[in-house]
Every structure is written in structure tokens, then in C-alpha cells.
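Presented below is the structure to which this report refers.
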């Protein structure tokens, strides 16, 4: 069972990507309480404000600062560019 499958019952008539987006809206960065964005290439949810990437393990985002990885400038710029064009 993955993190997203737990929420299948909350929105039974919606597709998986729509559920992921709605579930992602409920999550917040533990440091700044800002919005998190899912980045499949990094296999993480990312806070652009703090430049932190929180890993996803077995479908569950690990929102602990001690497990987060600080994004370097190149990754941050690439992530921001990806966001702007979508």
C-alpha cells in the first residue's frame, strides 16, 4: 500500500494524478510551512523556498528535516525552470 492509495477512498471518482495533486495540497514544508511540489525525477517533494528535497520512500514522503537534502543551485534553477513551463 502506498501513501497515495490511502487517499483513494477520500476521492473515489477521481484519477490517481488528481488525487496526488489534492493530497499534495494538504502537505506543507516542516520548516517554513510553504507549499511542496512533487518532482518525479528527484523522487522527492521539494520546497523551493528553503531549497529542500524531502525523499519519498515506498510511496510515502518523509517530511523530516534531518532526512531532507539541500538542493544545489543547478538543481534549484532546473526545478524552477521545469515549474515555469508546465
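See the values below:
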quantity	calculated
47, 32 arranged by Cβ crowding within 10 Å, fewest neighbours leading	32, 47
Least to most buried among 38, 33 (fewest other Cβ within 10 Å first)	33, 38
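Each reported figure results from applying straightforward, stated rules to the coordinates on display, with no laboratory input. Remember, predicted model here, so these are calculated numbers, not experimental data. We place every Cβ from the backbone using ideal geometry, glycine too, and count neighbours over all the protein chains shown.
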